[in-house]
Amino acid sequence: MYVYVPLLRDDARPAALELSRPLVPPGEAFRAELTEQLAVSTLVVGLATAMAVVLGAWLVSRPLERVVAQARRIGAGDLSQRLEAKGSDEVAGLCRELNTMTDELRDTRARADDEAKQRILALEQLRHADRLRTVGTLASGIAHELGTPLNVILMRAKMIASGETPKDESAEAAKIIAAQADRVTKIVRQLMDFARRRAPNRTKANLGDLAEHVALLLDALAKKARVVVTVERAEEPVEANVDPGQIEQAITNLVINAVHAMPDGGDLVVRVRHEEAQRDDGTDPVRCAVIEVEDEGTGVAPEDLERIFEPFFTTKGVGQGTGLGLSVTHGIVGDHDGWMGAESTLGKGTRFTIYLPVS
């Protein structure tokens, strides 16, 4: 529908105002208007969403992905990379904080590694000092052990030099001298091998053989104290991945302590076997190679037994012990992922047990 309103003006060209309106129902016109507005609004929202996604991916998602990747690297222990932090927004601030944390962790790790190296070096020095102390303890017994072959060598040599030995017996006397010299050399070599400082080196070792070697090394000391050392081995070989020198040192410390605990002599038994054992922390039992040293000595009081593995703690008299032997033994066993047990009854004896897990 069109409506014309004439506009008459003096001295001017005539004009008219045209008004038009579609002849449709009001509801249909409203729906058409609403549809148009919704279409425009949807288009605007779609464009805004697309821009937000693009800008979010460019400004937020990608930087956050780098932050997440860096966090994962830090969690995995890789502290060698740093994030590029440009701008002053929150993501850039987070990158700078991660870089600072990475630097601090790297410095902390370096200090921890250095402290660990120093600790290992100190432990090795302590163990070597304990080994030398043990060598000093063995000196008197081995000196007695060397006396017999040296006397034989001296006597035979004097007899040959003075002509007392017939010519037909000179060869036999020389063989005796050579055999006794070999015996002396073997004893000295055993002592030197025990005292020599070695770098830790794990290898598969037969623990029964190690116990037999320690018993042979300490035989003279035990006889002087009227102690009989017996090694009881299982029928099957008892093997473990250990440092033989360190395990020998641990067994030696336990045997020497047992000898000192029996001033009136007695029986000392070293047992080597396999056993399913469980730690005190309640973890599942594991198969272990077990070394047990049991004596018939004076025993240890219950209140002292709780502190028996502390460094410099000793129940011996002044000048008889440094209190390092059991502490060093406990440290050696711990370095082999093992643990120790101790049982004692005053007046009846003590039993120390070493548990070394085997795969």
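Ranking ARG287, ARG351 by Cβ neighbours within 10 Å, fewest first, what do you get?
The most exposed by this proxy come first: ARG287, ARG351.
Students often check this: by mean Cβ neighbours within 10 Å, which of 257-263, 28-34, 343-349 ranks highest, and how do the rest follow?
257-263, 343-349, 28-34
Would you pull out the residues with amide H under 5 Å of VAL227's amide H, same chain only if 5 or more places away, H placed 1.01 Å from N?
Here the answer is GLY266, since their amide H atoms fall under 5 Å of that of VAL227.
Please sort 170-180, 12-22 by packing, taking for each peptide the average over its residues of neighbouring beta carbons within 10 angstrom, highest first.
The peptides rank, most packed first, as 170-180, 12-22.
So which aspartates and glutamates pass the test for LYS117, namely a Cα distance under 19 Å, with those fewer than 8 places away in the same chain ruled out?
The reachable aspartates and glutamates, counting only those whose Cα sits under 19 Å from LYS117, are ASP107, ASP243, ASP335, ASP337.
Using the Karplus equation 6.51 cos²θ - 1.76 cosθ + 1.60 (θ = phi - 60°), what ³J(HN,Hα) coupling, rounded to whole Hz, does each residue of the range 106-117 give in order, writing x for Gly and Pro?
After applying 6.51 cos²θ - 1.76 cosθ + 1.60, I find 5, 5, 5, 5, 4, 5, 5, 5, 5, 5, 5, 5 Hz.
Where Lys and Arg each count +1 and Asp and Glu each count -1, what net charge lies around VAL358 among other residues with Cβ under 13 Å from its Cβ?
Computed value for this residue: -1.
So for each of 66-79, 208-221 I average, over its residues, the number of other beta carbons within 10 Å; can you give me the resulting order with the highest mean first?
208-221, 66-79
Just add up the charged neighbours of LYS204: K/R +1, D/E -1, any other residue whose Cβ is under 14 Å from the Cβ of LYS204.
-2
Since every read-out is calculated from the coordinates, none of them should be taken as a lab result. Note that the structure is a prediction, hence the values are computed from the model and not measured. Every residue, glycine among them, receives a Cβ derived from its backbone with ideal geometry; neighbour counts consider all protein chains shown.
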